[in-house]
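The values are calculated or read from the model by the stated rules, or taken from the named source; none is laboratory data. None of the values given here were measured: they were computed from a predicted structure. Glycine gets a Cβ as well: all are built from the backbone with ideal geometry, and neighbour counts include every protein chain shown.
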Amino acid sequence: MLQGTLRNPLASPFTLGISGGAAFGAALAIILGAGFSGTGRYLVIMNAFTFALLAAALVYGLSAVRGITAEAMVLAGVAMNFLFMALTSLLQYFGGAEEVKAVVFWLMGSLHTASWGRLIPVAVVSFVSLPLLLRRAWDLNALATGDEAARSLGTAVERVRVECMLLAVLLTASVICFTGIIGFVSLLAPHIARLIVGPDHRFLLPASAITGALVLLGADSLARTVVAPIELPVGIVTSFLGIPLFVYLLLRSKQVYWRGG
């Protein structure tokens, strides 16, 4: 969704600063015990969710100055991501050994705290958001041809971009507040799905969701078994799997297959 909206094959929650905001929120709760609501582990969850939304709001505010173009959103997102990661590093610098260890573990991402209770809010957000996304599939196809061409086809470019960003933020924040940051899944899954079903977002959106789930489950299985009985953070495994696969996708063809035309 983000790649189609921003017409950028590298677009991901990192690009819009969502992951950086969540990381800072979690670090703030772990190291300083400060946050908006909740106690203990729930303070970390609520902080990560809240700061992910805050990062997106800042990106929207900055990009609105230039008309909410794809370029403006990417630049604002990268700036916010670096800002929040710098703030996270600053907190780690002043934190104690155990607190810093906890932050680093959260940043690696893991499914070890997964439970049916935590699955329920994620499932609710997903089942509400996915139909709304599919309604925008045609508009995302139009955006792939460029903003001006999309407008000529009747697409309200700025509105579609903002709606898709809000849904992306909601989906991402609702997951990473429980799991921590799990890299490369949101970057690789759409590229793999495009190779299978093509660039039409009517099929690409659900295919990306299924592909991302399979990639994550496969990585988690490896994380639990490759050095058993030690369980590796799944974010480490997804990075090791993602880097060579991403390089392969980069080198396999000169075709710009991520676009809609």
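Within segment 71-89, being aliphatic (A, V, I, L, M) and either under 19 Å from ALA168 (Cβ atoms) or touching a residue at least 24 places away in the same chain (Cβ under 8 Å) (or both) holds for ALA72, MET73, VAL74, LEU75, ALA76, VAL78, ALA79, MET80, LEU83, MET85, LEU87.
Here SER12 fits the description: not aliphatic (A, V, I, L, M) and not in a helix (DSSP H, G or I). Checked against (1) under 23 Å from SER110 (Cα atoms); (2) of a type in the set (Val, Ile, Thr); (3) out of contact with any Cys (no Cβ under 8 Å at 6 or more places or on another chain), ILE68 passes all but condition (1). Please work out which residue is modelled with the highest pLDDT, limiting yourself to segment 17-39 and to residues that are polar (S, T, N, Q) and touching a helix residue (DSSP H, G or I) at 6+ places or on another chain (Cβ under 8 Å). Only one residue fits best here, namely SER19. Scanning segment 105-117 for residues that are exposed (fewer than 15 other Cβ atoms within 10 Å of the Cβ) and of a type outside the set (Gly, Ala, Ser) yields HIS112, THR113, TRP116.
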